[in-house]
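Since the structure comes first, as structure tokens, the remarks are kept for the end.
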Amino acid sequence: MKKISLFIAMSLDGYIADSKGSVDWLPGQGDDDDNVDAYSKFVKNIDTVVMGWNTYHQIVTELSPDEWVYQDFITYVVTHNPKESSDKIHFVNESPVNLIKRLREENGKGIWICGGANLIQQL
């Protein structure tokens, strides 16, 4: 059974994005001794990413419009917006709880709940 993890950055007042929907307040991960790269260690045990539409849309339009940053994983985007899936990105219109239950039973590494807040609240 796959392990399910929530790995996000969040401000102390409980927000992932700022009031404008931006995450540019987040500093990048460094490789010096004072800035441990927790992300690289975390993703070694992940093969599946689950995110909501808003997170997906922000990635492809703002954060990384020229390259899909989660190419090493199978991504599931929970959405009511119909969009054609690819080998690496699956757009699903189903309950996040049911999706996670189904994915958890598959063989492989862990599942990363990537965001956003609405998806996390439903789970």
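Amide H of residue 88: which non-local residues (sequence gap of 5 or more, or other chain) have their own amide H closer than 5 Å, using H built in the peptide plane?
Amide H to amide H, under 5 Å and 5 or more residues apart or across chains, residue 88 pairs with nothing.
In whole Å, what three semi-axes, largest first, describe the equivalent ellipsoid of segment 56-123 built from its Cα gyration tensor (square root of 5 times each eigenvalue)?
After diagonalising the Cα gyration tensor, the semi-axes are 19, 15, 12 Å.
Filter the cross-link list 41/88; 2/88; 3/88 down to pairs whose alpha-carbon distance in this structure exceeds 26 Å. Provide the component values of the computation, followed by the final result.
Details: 41/88 22 Å; 2/88 19 Å; 3/88 20 Å.
In this structure, no pair lies more than 26 Å apart at Cα.
As a test of reading the structure, rank 2, 41 by solvent-accessible area (1.4 Å probe, protein chains only), most first.
Accessible-area ranking of 2, 41, largest first: 41, 2.
Extending each Cα 7 Å along its Cβ direction at residue 102 and residue 85, get the distance between those two points in nm, one decimal.
It works out to 0.7 nm between the two label points.
The values are calculated or read from the model by the stated rules, or taken from the named source; none is laboratory data. Here the structure is a predicted model, which means the values were calculated and not measured. Cβ coordinates were reconstructed from backbone atoms using ideal geometry, including for glycine residues, and neighbour counts include every protein chain displayed. Side chains included, ligands, DNA and RNA excluded: accessible areas come from the protein's heavy atoms. Shrake-Rupley method; radii C 1.70, N 1.55, O 1.52, S 1.80 Å.
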